[in-house]
Amino acid sequence: MSTTPQGATIDERQARAVAEAARESGWSRPSFAKGLFLGSFDFSLVHPHPAPPPGDAARGAAFLLRLRSALEEFDAGLIEREARVPDAYIDTLRGLGVFGMKVPPEYGGLGLTLADYGRALMLIGSISPAMGALVSAHQSIGVPEPVKMFGTEEQKRAFLPRCAAGAVTAFLLTENDVGSDPARLGTTAAPTPDGDAYVLDGAKLWTTNGTVAELVVVMARVDPYRAADGTERRGGITAFVVEADSPGITVENRNAFMGLRGIENGVTRFRGVRVPAANRLGAEGQGLKIALSTLNTGRLSIPALCAGAGKWSLKIAREWSGERVQWGRPVGRHEAVGRQLADLAATTFALESVFELSAALADAGMKDVRIEAAIAKLYSSEAACRLADELVQIRGGRGYETADSQRARGERAVPAEQLLRDLRINRIFEGSTEIMHLLIAREAVDAHLKAAGKLAEADAALGEKARAAAGASRFYARWLPGLAAGPGLVPTSYREHGRLARHVRFAERASRRLARHTFAGMARWQAGLEGRQAFLGRIVDIGAELFAMSACVSRAALIARSDPARARSAAELADAACRQARHRVGELFRALWSNTDDADRRLARKVLAGDYAWLEDGVIDPSEGTGPWIAPWSGDDDERPDVRQPYGGG
């Protein structure tokens with residue numbers, strides 16, 4: 001049981017109901033990743049690898065050449081030292097059309113494919129991940145995407161040309177005590193008596209681009225009310241496009257973090273901010289649906305940035321490991337470092353393959369990619385952090401040393417430690433690893449929940465459960481026999497993939513095995529399955545590895561067709577990535593049932609109860625007395641200075 005900032009009580013059931021209502025429940029298009037969890041491995045959904053029309057590909061390639069040429073003139077160290085992307089760099093990006101990469105040409109944008117947009121982020125992020133975050137937050141979740149997807153024609157014509165021309169935008173959902181649980185949202189939007197506007201009050205935390213934005217998308221709660229025409233309105237969480245310089249808006253703080261030192265992230269407060277009703281996106285109560293739909297493809301920016309980080313890490317590790325000599329040999333020829341190089345190369349190929357396939361599927365528009373995009377975000381953020389850590393380890397003391405310090409000593413300035421700091425946030429924002437596990441798991445077990453009906457509800461009556469059991473029995477009587485055999489058992493299946501065919505066969509077999517284990521978990525715990533988050537996390541991680549394997553094989557085949565000179569090396573990299581993935585999958589399957597989950601759960605409860613507080617003796621906590629764990633939602637009456645500083649004086 002918890003309360004909103006205004007004191008309203010929100011229990012677990014209500015919080016779950018809000019999240020469930022926002023979830024897109026229909027499946028009108030096929031999904032390869034959804035099938036993975038159900039034991040329905042349809043490789044034809046991802047192979048042949050989708051390709052864009054030749055005209056789109058040519059436009060994207062020409063833009064990337066112009067972008068690369070401009071970025072090569074940027075000083076990455078300057079952004080890190082000054083903790084701000086210079087105005088001149090923003091002007092250059094505006095001139096290239098970077099802020100309108102995903103905006104359709106009819107609204108002044110470039111209309112690039114998601115794949116080319118991601119490749120552009122790779123280039124931008126390789127100069128500065130903070131600059132990559134600025135561009136990504138603007139286009140992937142800022143004003144352009146939700147307006148493009150859900151805006152009226154009038155809204156599109158009003159906002160999209162401004163966004164494409166370089167008006168930086170932001171997305172405002174998170175609050176001091178509201179992250180992945182939106183039912184507790186405290187920011188309110190009160191309709192005016194005449195219905196012409198809404199008045200916003202509240203505060204938003206961690207508003208990426210919020211300190212420089214000209215336009216923001218704000219999620220606010222509309223309480224139930226009686227409209228001017230006398231009808232009763234239910235309200236709900238609603239999305240609004242708001243001018244960032246509107247009276248009553250104050251950016252109270254520019255936040256600083258362990259990484260992304262040039263990121264423009266703040267605290268934005270609304271005090272009686274009037275927003276025209278014409279700026280509401282969709283209907284009242286559709287805000288969370290809009291946010292989640294935007295994130296379905298918006299999350300693909302993180303896999304793109306992570307793939308770029310992998311490429312840079314591999315380049316530095318390869319060059320350094322051939323240059324640095326220890327005990328008479330380059331360090332890369334010692335097995336300990338060589339193993340890390342192999343992991344860097346194979347995982348970088350997998351990272352790029354996961355991004356390219358997910359983006360291509362989204363561009364083609366024929367598949368439902370909500371699970372693919374979520375898996376890509378989860379897989380990429382975890383893998384890229386591991387690679388950055390390996391790069392720092394390979395570089396040794398130089399990996400821990402800043403680039404400026406290396407430069408001052410007369411050596412090549414390699415910001416490996418910065419990369420490690422900058423990438424760490426990717427495991428947290430746009431859905432933390434833990435939240436992504438739960439989100440994907442919810443979709444993975446959707447068919448089981450529908451089949452189980454009341455069996456999956458802890459408080460259902462015995463009679464309801466008995467009737468649900470009969471319906472579930474009919475579903476599983478049809479479904480379970482199909483998990484016994486498949487093309488993965490036939491040695492000649494997928495033979496067109498040569499040496500990689502065995503990996504596709506493994507993925508098909510593992511998909512059916514995964515479905516059987518998911519069913520076993522459902523049968524064992526029924527309504528308690530949702531509380532078995534460690535089990536569900538392993539289920540999701542297995543699916544993510546199988547998706548990555550499939551992406552690698554599909555991309556290797558694409559490279560063989562489009563660039564025959566690289567066919568052999570692509571197959572070698574795909575083979576290595578699949579071999580490593582198969583090892584991880586085996587460990588995850590074993591851990592489903594052989595683990596310390598129950599003991600860990602009991603131990604965690606005792607930790608929370610303070611049973612082991614004595615273990616914390618002997619240290620000093622310098623954070624004590626510096627403030628509450630969570631700041632009050634509403635500050636004092638004295639307004640703080642506005643630290644908003646838009647680029648170009650906007």
Checklist outcome for this item: Residue count, the range 489-520, condition open to solvent by less than 50 Å² (accessible area, probe 1.4 Å) and without any contact (Cβ under 8 Å) to a residue 40 or more places away in the chain, comes to 4
Item to check | Filter pass, Val199 being within 23 Å of Thr294 (Cβ to Cβ) and β-branched (Val, Ile, Thr) | outcome: no
Checklist outcome for this item: Checked the range 397-411 for anything among the charged types (D, E, K, R), open to solvent by 60 Å² or more (accessible area, probe 1.4 Å) and assigned to a loop (DSSP other than H, G, I, E, B); matches are Arg409, Glu411
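Of all residues in the range 412-430, which are within 18 Å of Leu314 (Cβ to Cβ) and open to solvent by less than 60 Å² (accessible area, probe 1.4 Å)? So that I can check it myself, show each step before the final result.
Taking the range 412-430 as the starting set, the residues that turn out to be within 18 Å of Leu314 (Cβ to Cβ) are 412, 414-420, 422-423, 426.
Answer for the range 412-430, where residues must be within 18 Å of Leu314 (Cβ to Cβ) and open to solvent by less than 60 Å² (accessible area, probe 1.4 Å): Val414, Pro415, Ala416, Glu417, Gln418, Leu419, Leu420, Asp422, Leu423, Asn426.
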Checklist entry - Which residues, taken from the range 264-280, are closer than 20 Å to Asp194 by Cα and either open to solvent by less than 10 Å² (accessible area, probe 1.4 Å) or out of contact with any Asp or Glu (no Cβ under 8 Å at 6 or more places or on another chain) (or both)? => result Val273, Arg274, Val275, Asn279, Arg280
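Please tell me if Arg538 is touching a Phe, Trp or Tyr at 6+ places or on another chain (Cβ under 9 Å), touching a residue at least 24 places away in the same chain (Cβ under 8 Å) and of a type in the set (D, E, K, R).
Values: touching a Phe, Trp or Tyr at 6+ places or on another chain (Cβ under 9 Å): yes; touching a residue at least 24 places away in the same chain (Cβ under 8 Å): yes; of a type in the set (D, E, K, R): yes.
For Arg538, the condition - touching a Phe, Trp or Tyr at 6+ places or on another chain (Cβ under 9 Å), touching a residue at least 24 places away in the same chain (Cβ under 8 Å) and of a type in the set (D, E, K, R) - is met.
Name every residue in the range 590-618 that is small (Gly, Ala, Ser), in a helix (DSSP H, G or I) and farther than 30 Å from Ala345 by Cα, in order of residue number.
Here is the first cut: in the range 590-618, the residues small (Gly, Ala, Ser) are 591, 594, 599, 604, 609-610, 613, 618.
Still in the running and in a helix (DSSP H, G or I): 591, 599, 604, 609, 613.
Result: Ala599, Ala604, Ala609, Ala613.
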Checklist entry - Which residue pairs have Cβ atoms under 8 Å apart, sit 6 or more places apart or on different chains, and have a first residue in the range 407-419 that is within 20 Å of Gly308 (Cβ to Cβ) and at pLDDT 95 or above and a second that is in a loop (DSSP other than H, G, I, E, B) and of a type outside the set (Ser, Thr, Tyr)? => result Glu417/Glu401; Gln418/Gly259
Checklist outcome for this item: Of the residues in the range 512-568 that are of a type in the set (Phe, Trp, Tyr) and touching a helix residue (DSSP H, G or I) at 6+ places or on another chain (Cβ under 6 Å), the one that is farthest from Pro303 (Cα to Cα) is Phe535
Checklist entry - If we scan the range 50-64, do we find a residue that is under 16 Å from Leu558 (Cβ atoms), free of Cβ contacts under 8 Å to residues at least 60 places away in the same chain, outside any loop (DSSP other than H, G, I, E, B) and open to solvent by 60 Å² or more (accessible area, probe 1.4 Å)? => result yes
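When you go through Ala360, Ala350, Ala304 one by one, which is the residue that is open to solvent by 10 Å² or more (accessible area, probe 1.4 Å) and hydrophobic (A, V, I, L, M, F, W, C)? Reasoning before the result, please.
Details: Ala350 fails: open to solvent by 10 Å² or more (accessible area, probe 1.4 Å); Ala304 fails: open to solvent by 10 Å² or more (accessible area, probe 1.4 Å).
Just one listed residue meets the conditions, Ala360.
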Next on the checklist: So Ile435 ticks every box in (1) within 17 Å of the chain's Cα centre (by Cα); (2) within 25 Å of Leu558 (Cα to Cα); (3) β-branched (Val, Ile, Thr) but one. Which box is left unticked?
Outcome noted: (2)
Checklist outcome for this item: All-but-one check, Ile79 against (1) open to solvent by 10 Å² or more (accessible area, probe 1.4 Å); (2) at pLDDT 95 or above; (3) in a helix (DSSP H, G or I), failing number (1)
Next on the checklist: So, in the range 483-501, exactly how many residues are of a type in the set (Gly, Ala, Ser) and more than 18 Å from Arg579 (Cα to Cα)?
Outcome noted: 4
Item to check | Any hit, the range 539-555, residues being open to solvent by less than 20 Å² (accessible area, probe 1.4 Å), within 12 Å of His503 (Cα to Cα) and more than 23 Å from the chain's Cα centre (by Cα) | outcome: yes
Next on the checklist: Among the residues in the range 574-589, are any open to solvent by 60 Å² or more (accessible area, probe 1.4 Å), farther than 23 Å from Asp42 by Cα, in a helix (DSSP H, G or I) and at pLDDT 95 or above?
Outcome noted: yes
Item to check | Checklist (1) β-branched (Val, Ile, Thr); (2) touching a strand residue (DSSP E or B) at 6+ places or on another chain (Cβ under 7 Å); (3) over 27 Å from Thr113 (Cα atoms) applied to Ile290, failing item | outcome: (3)
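For the range 168-195, how many residues are open to solvent by 10 Å² or more (accessible area, probe 1.4 Å) and either of a type in the set (A, V, I, L, M) or in contact with a strand residue (DSSP E or B) (Cβ under 7 Å, 6 or more places away or on another chain) (or both)? Before the answer, list the steps.
Taking the range 168-195 and keeping what is open to solvent by 10 Å² or more (accessible area, probe 1.4 Å), we get 171, 173-174, 176-177, 179-184, 188, 190-195.
Among the residues that remain, those that are also either of a type in the set (A, V, I, L, M) or in contact with a strand residue (DSSP E or B) (Cβ under 7 Å, 6 or more places away or on another chain) (or both) are: 171, 173-174, 176, 182-184, 188, 190-192.
Total meeting the criteria: 11.
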Checklist outcome for this item: Pairs returned, first residue in the range 207-219 that is under 20 Å from Ala158 (Cβ atoms), second residue that is hydroxyl-bearing (Ser, Thr, Tyr), beta-carbon separation under 6 angstrom, 6 or more apart or interchain, are Ala213/Thr169; Leu215/Thr169
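Residues are listed down the side, and each one gets a yes or a no for (1) more than 22 Å from Gly266 (Cα to Cα); (2) under 21 Å from the mean Cα position of the chain (by Cα); (3) part of a strand (DSSP E or B):
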| site | (1), (2), (3) |
| --- | --- |
| Asp194 | yes, no, no |
| Gly202 | no, no, yes |
| Leu205 | no, yes, yes |
| Thr211 | no, no, no |
Checklist outcome for this item: Note: among Val619, Val607, Val585, Val643, just one is in contact with a strand residue (DSSP E or B) (Cβ under 7 Å, 6 or more places away or on another chain) and hydrophobic (A, V, I, L, M, F, W, C), namely Val643
Next on the checklist: Let me spell it out: the conditions are (1) within 26 Å of Ser562 (Cβ to Cβ); (2) open to solvent by 70 Å² or more (accessible area, probe 1.4 Å); (3) at pLDDT below 95, and Ser44 meets all of them except one. Which number is the exception?
Outcome noted: (3)
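The values are calculated or read from the model by the stated rules, or taken from the named source; none is laboratory data. Keep in mind it's a predicted model, so treat the numbers as computed, not measured. Here the Cβ is made from the backbone with ideal geometry for all residues, glycine too, and neighbour counts use every protein chain on show. We work out accessible area using only protein heavy atoms, side chains counted, and drop any ligands, DNA or RNA first. Shrake-Rupley method; radii C 1.70, N 1.55, O 1.52, S 1.80 Å.
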